[in-house]
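Colleague: After the structure tokens below, expect a handful of questions from me.
The values are calculated or read from the model by the stated rules, or taken from the named source; none is laboratory data. The model shown is predicted, which means the values in this text are computed figures rather than measured ones. Positions of Cβ are generated from backbone atoms using ideal geometry, with glycine treated the same way; all protein chains shown enter the neighbour counts.
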């Protein structure tokens, strides 16, 4: 049995062998479309642009070269100084 034999659907969390199906890792077309909708509505976002060191394999990465974690909120959600 391989490590992907039973995983939770990212949308509904139902467990199954979803990578074996047509919609993997999702359990159904509906769950796949729900996830796509969340990306398109910017409910899911990448916190920062990918840099070249993000593309390195973990064993090749230099932990000392990693920048400090970013703080703050998503720019579209941040309020201006007037609170509006």
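Colleague: Given the condition modelled with pLDDT of 80 or more and outside any helix (DSSP H, G or I), answer yes or no: does some residue in the range 54-72 qualify?
Modeller: yes
Colleague: So if I check each of 48, 42, which one is without any contact (Cβ under 8 Å) to a residue 40 or more places away in the chain, on the phi > 0 side of the Ramachandran plot, surrounded by fewer than 13 Cβ atoms within 10 Å (Cβ to Cβ) and part of a loop (DSSP other than H, G, I, E, B)?
Modeller: None of the others qualify; the one that does is 42.
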